[in-house]
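> Let me begin by handing over the structure; questions about it come next.
The values are calculated or read from the model by the stated rules, or taken from the named source; none is laboratory data. Not measured: the values here are computed from a predicted model. Glycine gets a Cβ as well: all are built from the backbone with ideal geometry, and neighbour counts include every protein chain shown.
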Amino acid sequence: MNTKDVQSLARMNQLYENLLNEVDVGIHVINDKGKTIIYNKKMMEIEAMGSEDVLDKDLLDVFKFSDSQNSTLVNALKTGKTTQNVKQTYFNNKGKEITTINNSFPIKEEGKITGAIEIAKDVTQLERVIKENVINKQNGKFTFDKIIGQSHLINTVVDEAKRATRTSSSVLVVGETGTGKELFAQSIHNGSDRSRAPFISQNCAAIPDSLMESLLFGTKKGAFTGAIDRPGLFEQADGGTLLLDEVNSLEPALQAKLLRVIQDKSIRRVGDMKDKEVDVRIIATINEDPVDAVANNRLRKDLYYRLSVVTLFIPPLRERKEDIPQLTQSFIDKYNDLFNMDIKGISEEVNQLLQQHEWPGNVRELEHTIEGTMNLIMGEEVITIQDLPGRFRTKYQGEKEPSIEESEPSESTKTLREKMTEVEKYYVQQVLAKNNNNISRAAKILGISRQSLQYRLKKFNL
């Protein structure tokens, strides 16, 4: 072979290598000894391994398979049989679980098997979500008696939520992160006549858009490479409740399909030609003002109207600080059981400090603070300031310990959001009063829609 031929062959090999690394499927090739000879970039991503971990090594020395399932790639080498769209779950050399849909077939030269090739599509994340949701079917464990607090704000929301258990209308739960939106959703489900049916929760922001449609509506075999007949979350929740957390994170096209499903009470699997009726109650959550989400095109207006048949506004912790002592004690009791401890409560200084803090992370932040404190405490029965996590000690170190009267924020310590909310509420009240509480006239003067004004009246409890 002359120099020109060698160069041409080298260029061709480089072209093949580039092609293998650009395709969006995993490619794994073994020789007749079962050792890996080709392992492309996508396969490395799927299996979270480098080429040095796999190339020139026996496949069965690198990956672990369950007793009930052999490697589809090795099976193609040993039997000479081709398999298509076979789901396989196995473990890499670090024990990470991987699930793929495989097409595997032997490589034959002059009638003799000289190797095998596998083309794999990653469904690891989809499988994990489905498993979590199967668990969630049985884990709708919260009821209204688990909602802690005696403040007027929280009791008002609880009363509204209890009334919503009588119907199957859609519910939109509005609240900042950490306020307990899913707790309300589960309580509504468990207080309704759907309580014996599945409760399935899905965080819409946790799944890529490319997987979300298949996850919600299911797939028909052959819809795309590796697709199998699989029910989506709507079918799994049939007769029960589907919680769509952070629904505003869905792309607009998917929001439109979701609206159609809610209206028609039927779904169509991806790749299917037939509709299937479903009986599912939708509870959606959003962690921002829904009017702002609509205005900024993060939530379709028509979907908002459909979801907000019942709207619950969960107050942030900073607006119901009188509930902090009861919440704190409940978390102490919880972690006493988990950690086998016997903490009685908190000191008055700690109570004042907790009242002073603004809790941007809401109830969840308070729980994590108590959990962190109980990890640090040594032998005491009462939590003192010295036991709190470092960020609290640092922030409030050297400050005058606030009295009960001083625990509410003064005019000078209010955040921009609090001040703007206060001004907005006052202005809405003034315009309404001047127009004898006529919503249409007030909305026109304010330059907003009736729906937006009604939202604010409910938000401000006017």
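> Do you know which of the residues in region 251-277 that are among the small types (G, A, S) and under 16 Å from S210 (Cβ atoms) is modelled with the highest pLDDT?
My answer is A253.
> OK, next. Considering only region 338-415, give the helices (runs of 4 or more DSSP H) lying wholly within it that have at least 1 residues that are surrounded by fewer than 13 Cβ atoms within 10 Å (Cβ to Cβ) and either of a type in the set (F, W, Y) or modelled with pLDDT under 85 (or both). Walk me through how you get there before you give the answer.
On the way: elements: 348-356, 362-376, 390-396.
It comes to 362-376, 390-396.
> So, of the residues in region 432-462 that are free of Cβ contacts under 8 Å to residues at least 40 places away in the same chain, assigned to a helix (DSSP H, G or I) and of a type in the set (G, A, S), which turns out to be nearest to N287 (Cα to Cα)?
Among them, the one singled out is A443.
> Name the single residue, out of those in region 192-215 being under 20 Å from R260 (Cβ atoms) and among the acidic types (D, E), that is surrounded by the most Cβ atoms within 10 Å (Cβ to Cβ).
By that ranking, first place goes to E213.
> Restricting attention to region 249-268, report how many residues are buried (at least 20 other Cβ atoms within 10 Å of the Cβ) and farther than 26 Å from Y455 by Cα.
1
> Out of region 130-146, which residues are modelled with pLDDT of 50 or more, surrounded by fewer than 18 Cβ atoms within 10 Å (Cβ to Cβ) and either in a loop (DSSP other than H, G, I, E, B) or touching a helix residue (DSSP H, G or I) at 6+ places or on another chain (Cβ under 7 Å) (or both)?
Across region 130-146, the qualifying residues are K141, T143, F144, K146.
> Within region 269-280, count every residue that is surrounded by fewer than 22 Cβ atoms within 10 Å (Cβ to Cβ) and either among the basic types (K, R) or not assigned by TED's automatic domain parsing to the domain that holds L216 (or both).
2
> Ok, one more. Confirm whether N70 is in contact with a Lys or Arg (Cβ under 6 Å, 6 or more places away or on another chain), surrounded by 13 or more Cβ atoms within 10 Å (Cβ to Cβ) and at pLDDT below 90.
Values: in contact with a Lys or Arg (Cβ under 6 Å, 6 or more places away or on another chain): no; surrounded by 13 or more Cβ atoms within 10 Å (Cβ to Cβ): yes; at pLDDT below 90: yes.
For N70, the condition - in contact with a Lys or Arg (Cβ under 6 Å, 6 or more places away or on another chain), surrounded by 13 or more Cβ atoms within 10 Å (Cβ to Cβ) and at pLDDT below 90 - is not met.
> Confirm whether K221 is surrounded by fewer than 17 Cβ atoms within 10 Å (Cβ to Cβ), on the phi > 0 side of the Ramachandran plot and in contact with a strand residue (DSSP E or B) (Cβ under 8 Å, 6 or more places away or on another chain).
On the way: surrounded by fewer than 17 Cβ atoms within 10 Å (Cβ to Cβ): yes; on the phi > 0 side of the Ramachandran plot: no; in contact with a strand residue (DSSP E or B) (Cβ under 8 Å, 6 or more places away or on another chain): yes.
Against the criterion (surrounded by fewer than 17 Cβ atoms within 10 Å (Cβ to Cβ), on the phi > 0 side of the Ramachandran plot and in contact with a strand residue (DSSP E or B) (Cβ under 8 Å, 6 or more places away or on another chain)), K221 does not qualify.
> May I pose another question? Give me the pairs: first residue in region 347-358 and under 11 Å from T384 (Cα atoms), second residue part of a helix (DSSP H, G or I), beta-carbon distance under 6 Å, and six or more apart or on different chains, which are they?
As it stands, the answer is E349/I385; V350/I385; L353/Y396, since those pairs meet every condition given.
> Select the helices (runs of 4 or more DSSP H) contained entirely in region 38-99, then report the ones holding at least 2 residues which are under 31 Å from the mean Cα position of the chain (by Cα).
Numbers: elements: 41-47, 51-54, 59-62, 72-79.
Correct list: 41-47.
> Conditions: (1) under 33 Å from the mean Cα position of the chain (by Cα); (2) farther than 25 Å from G180 by Cα; (3) not small (G, A, S). R364 meets all but one. Number of the miss?
(2)
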